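What follows is a single structure, written as structure tokens, with notes after it.
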Amino acid sequence: MSGPGASPPTIAACFRAAREQLVGAGIAEPDTDLRLLMAQVLNTAPGQIILHLRDPIGAENIAAFEALVARRAAREPLSHILGKREFFGRMFEISPAVLDSRPETETLIALALQEPFERLLDLGTGSGCIALTLLAERPRAKACAVDLSEQALDVARRNAAPLGVADRVDFARSDWWQAVDGRFDLIVSNPPYISAEDYEGLAPELAFEPKIALTPGGDGLDAYRQIAAGLSAHLTVGGRVLVEFGAGQGDAVAGIFRAKGLTQITLHKDLDARDRVLSARAPAA
């Protein structure tokens, strides 16, 4: 704190102390995080912060900023602190009730948009980022989005309204196929896929996310077995299914879907050149 007659602290001075704190906590990109946290405190665009580094900052805003930095230093995900995350160019509400939407999932979106679809099913919708993004990109499509967590569905419902797609999506609480009715020409899912063994070694941030959205336990493949088992009853003839999977799981997931009669099974890489999404098609009649 500054003494009597001293110049008030600047944003830059706050950043210097906070950066040391985040670096010490192992945060990989502290400068980006600090800009976003300060923008939240000052209610301004993150890009504007760098233009005002020499501006003074009041004690109340310093306290608010330091509180947010402390949460980030404890490895709470930035999206939880901010309450939002950008995904495929749109902003989504994020809370501890849902999985934080990640850039690699945009690979699934891009693949889905390569072909037309009219009826979409999102299994394990979470924040709704996949289903709602696809509806926003395809104004004539309709969707059913299901999740086992009612809290997650509440978040997804709140995300639908600002995107203008609430009238084209039905949300339902469902244990995978339990409450699903009808057939769909596109079925998508980013299911829990982390094995019980790998879950123990995850980054500290993931401790703040719902375990049910991260791991099914065991070998991490149970969700794919359940998804594949219901496709014949809910995928239209020639319809597509797209699922995200984890590192090293591609061949195993492909085998599960192949055993259920799916065709044109293909593994697709994300922007980091890692196998990330499986696409498959229901066999022709």
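The values are calculated or read from the model by the stated rules, or taken from the named source; none is laboratory data. All values derive from a computational prediction rather than experimental measurement. Glycine also receives a Cβ, built like all others from the backbone with ideal geometry; neighbour counts cover every protein chain displayed. For the accessible areas, the whole protein counts, side chains as well, though only heavy atoms, and no ligand, DNA or RNA atoms are used. Shrake-Rupley method; radii C 1.70, N 1.55, O 1.52, S 1.80 Å.
Details
- Solvent-accessible area per residue for the stretch 11-142 (1.4 angstrom probe, square angstrom): 48 Å²
- Relative contact order, whole percent, for the chain stands at 14, derived from Cα pairs under 8 Å and 6 or more residues apart.
- A cut-off of 5 Å between modelled amide H atoms, ignoring neighbours fewer than 5 places along the same chain, links L235 with F184.
- Degrees separating the helix 150-163 axis from the principal Cα axis of the chain, which is the longest one: 80 degrees
- Average accessible surface area per residue within the stretch 230-276, 1.4 Å rolling probe, Å²: 49 Å²
- Helix axis angle, 250-259 relative to the chain longest principal axis, alpha carbon, degrees: 30 degrees
- Loop sites in the stretch 177-285: GluC sites (Glu not before Pro), DSSP, at most 11 other Cβ within 10 Å: E200
- Sequence-ordered 3J(HN,Hα) estimates for the stretch 230-246 from the Karplus curve with 6.51, -1.76 and 1.60 and θ = phi - 60° stand at x, 5, 4, 8, 10, 9, 5, 4, x, x, 10, 10, 10, 10, 7, 9, x Hz, glycine and proline given as x.
- Computed E for K269/E60 - FRET, C-beta separation, R0 45 angstrom, nearest 0.05: 0.40
- Helix axis angle, 30-42 relative to the chain longest principal axis, alpha carbon, degrees: 80 degrees
- Virtual spin-label span in nm between D170 and A259, 7 Å along Cα→Cβ: 3.2 nm
- The tail of the calculated P(r) for the stretch 158-285 beyond 23 Å holds 40 percent of all Cα-Cα pairs.
- Between the C-alpha center of the stretch 1-76 and that of the stretch 140-166 there is a gap of 34 Å.
- Mean residue ellipticity (222 nm) of the chain, computed from DSSP H runs ≥ 4 via -39,500 (n - 2.57), nearest 500: -11000 deg cm²/dmol
- Relative contact order of the stretch 3-70: 45 percent, from C-alpha pairs under 8 Å at least 6 residues apart in sequence.
- The chain shape via C-alpha gyration tensor axes, a/c threshold 1.5: prolate
- Candidates N43, N61, N190, ranked by Gaussian network fluctuation over the chain, Cα under 10 Å, top entry: N43
- Accessible area of the stretch 1-61 belonging to carbon and sulfur atoms, whole % at 1.4 Å probe: 53 percent
- Counting only residues at least eight positions apart within a chain, or on another chain, the lysines with an alpha carbon under 24 Å from that of K84 are K211.
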